[in-house]
Amino acid sequence: LQAYERRFPTCPLIPMFVASDTVNEYKSEDEAIHVIERRCKLDIDAPRLLKKIAGVDYVYFVQKNSLNRRERTLHIEAYNETFSNRVIINEHCSYTVHPDNEDWTCFEQSASLDIKSFFGFESTVEKIAMKQYTSNIKKGKEIIEYYLKQLEEEGITSVPRWTPPVACKSESSTSHPRRPVSPAINIPESATKEGLNNKEILNSSSSPSEPTAGTPDDKLDADYIKRYLGDLTPMQESCLIRLRQWLQETHKGKIPKDEHILRFLRARDFNIDKAREILCQSLTWRKQHQVDYILDTWNPPQVLQDYYAGGWHHHDKDGRPLYVLRLGQMDTKGLVRALGEEALLRYVLSINEEGLRRCEENTKVFGRPISSWTCLVDLEGLNMRHLWRPGVKALLRIIEVVEANYPETLGRLLILRAPRVFPVLWTLVSPFIDDNTRKKFLIYAGNDYQGPGGLLDYIDKEIIPDFLGGECMCEVPEGGLVPKSLYRTAEELENEDIKLWTETIYQSASVFKGAPHEVLIQIVDASSVITWDFDVCKGDIVFNIFHSKRAPQPPKKDSLGAHSITSPGGNNVQLIDKVWQLGRDYSMVESPLICKEGESVQGSHVTRWPGFYILQWKFHSMPACATTNLPRVDDVLASLQVSSHKCKVMYYTEVIGSEDFRGSMTSLESSHSGFSQLSAATTSSSQSHSSSMISR
């Protein structure tokens, strides 16, 4: 305990542990019970952009230590104070005396994580939390050893056990029976060198753990290993045979090839138990989604074939298949809107399955084992539009699925012409990428790939693509904008049995002349933040935000009435009563924003008062020419494009509580960057308490 207490109020060995304050402390009269409660300030290792979105630089945890010297127990409890309404983290540790040997200490640790919501980045937060927790477990014992050594250097090698004061000996002996008191002992150095696992009993005389790899009777043919698997140590060969035998005995279904089993073993450093777990999960996943037949049964939609800027292109100098992806030229938002996330994911899976097939072919062609491929990613054209939130979500999910089911398939990743915005995207996706995979990344800015240590070190000059200054014609599609006419609503995608990632995020609505669409948001706490993200799919609209102290009447159900109109392309709801007067019954809290067809609008508003806020999308009538009563030609042509005076929008709104937001409007803007055209022209409308951004 003395070593443990030296971690406070701050610990240089834990960089994330910035400071702590004692908020409550209790000691019993006989000093047997000591309870201390601290508020700890932590600098979590999270992407900077995520911190900006959340609006915090530090998070606070409350830690309660309860020491019972009489029972010889120490209980440590911790829970998060920051974002406790969105994320619930509980951790419990206990030190107790072993029931059979009082010179042994039992250590037990458990933790739980429940993420209710976190600005749409729930999966990212879960990854960060698990990574942080795993890191802390590994670091904990090292820190205790450091402070134990510090105590030894100060001459403190043992601490006397607690004995009750003389005045209360009789009382304590009757009401609190104790184990016999034995003399204090030193902690053997050998005990501190063993790894500490949950529910593990520490004992200085414990025997070393059994080796994970045995030596089975049968062995693989040496020529087969050299030809198809590569160099394997006897231990690695043993692990492969044992895992394959286990699959043959227990797994019902197709047994993967040795090359594929080996990928999972390598991904877990040949730990059979861990490799078996992820391999079984992957085999179940493949069966559920019929991945084995995807190349034979699924034809990519024409939109993907035309606008997905990626394809296979010869091989690198090591014989690995080479995949080229022109990410900077790809309209990620348009692809998600036109196809949905499931179709994109299925296409990426087909690319990986094709990669496995090409690896087998190249193994035969080059006469040596080739189990991975090289990916060349050209980021020319990448900018903030690629950080469109649902698109980033889709990318993160795809990375998760590929990491879980295609481990050790990426031999090398060459990232070329990385622009300034690349670090922002990297901070979002890097927590989802395995550390071993990250080591295979080579990143070049500008034209650095043309110099020493560049592309020529990995790819023959004859096959460098033409768009990178080479002479080889590359048949990879050039990408470009997906026409908005190909966009489909969540309902349309659902009818095709494709689950759209954004179907619970975006809603569609129709706006008619004289019949705006309105959304009601009730605010309880002032200074909450209302955020929005919408696309004007058809026609021109005016966007307004109003505030009212009283709730509007619910819309009528009759589809022909003025308050509720239902159409195949989306709903139309009106909340502001015809008898309401602006300035008396409700007020405008932001200047009207005129949005043209094809624009994407993102913005936010900090509420000044509680009450009811109404977001309104209203039909925009074309004004006549200012100098004459005759309409302009442009106005006439534009009016002809809006059939039946109808507009269409797809929108998403969210409210962030005041206790969870302490940042600036620009942080919210950056997380909602929209995308419409490669040559983006941006205009902004901002007030002291609101912010909007339009992308054309």
* **Scope the stretch 400-420; condition open to solvent by less than 30 Å² (accessible area, probe 1.4 Å) and touching a Phe, Trp or Tyr at 6+ places or on another chain (Cβ under 7 Å); matching residues** => ASN405, PRO407, THR409, GLY411, LEU413, LEU414, ILE415, LEU416, ALA418
* Have a look at GLU475, GLU503, GLU491 and point out the one that is open to solvent by 40 Å² or more (accessible area, probe 1.4 Å), in a helix (DSSP H, G or I) and modelled with pLDDT under 90. => GLU491
* Structure fact -> Being assigned by the TED database to the domain that holds CYS472, surrounded by 20 or more Cβ atoms within 10 Å (Cβ to Cβ), of a type in the set (D, E, K, R) and over 21 Å from ALA404 (Cα atoms) narrows LYS317, LYS333 down to just LYS333
* To do: Determine if the stretch 509-518 includes at least one residue that is modelled with pLDDT under 90, over 20 Å from ARG346 (Cβ atoms) and not in a strand (DSSP E or B).
  => yes
* Just give me the residues in the stretch 204-246 being in a loop (DSSP other than H, G, I, E, B), polar (S, T, N, Q) and either modelled with pLDDT of 85 or more or open to solvent by less than 80 Å² (accessible area, probe 1.4 Å) (or both), in sequence order. => SER204, SER206, THR233
* Hey, does the stretch 389-397 have a residue that's in the same structural domain as GLY469 (by the TED database) and touching a Gly at 6+ places or on another chain (Cβ under 8 Å)? -> yes
* Structure fact -> Over the stretch 105-119, the set of residues surrounded by fewer than 17 Cβ atoms within 10 Å (Cβ to Cβ) and in contact with a Lys or Arg (Cβ under 6 Å, 6 or more places away or on another chain) is GLU108, LYS116, SER117
* For the stretch 134-151, how many residues meet the condition of being exposed (fewer than 15 other Cβ atoms within 10 Å of the Cβ) and not β-branched (Val, Ile, Thr)? -> 6
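The values are calculated or read from the model by the stated rules, or taken from the named source; none is laboratory data. For clarity, every value in this text was computed on a predicted model and none was experimentally measured. Positions of Cβ are backbone-derived with ideal geometry, glycine not excepted, and every protein chain shown enters the neighbour counts. Note: areas computed on protein heavy atoms with side chains; ligands, DNA, RNA excluded. Shrake-Rupley method; radii C 1.70, N 1.55, O 1.52, S 1.80 Å.
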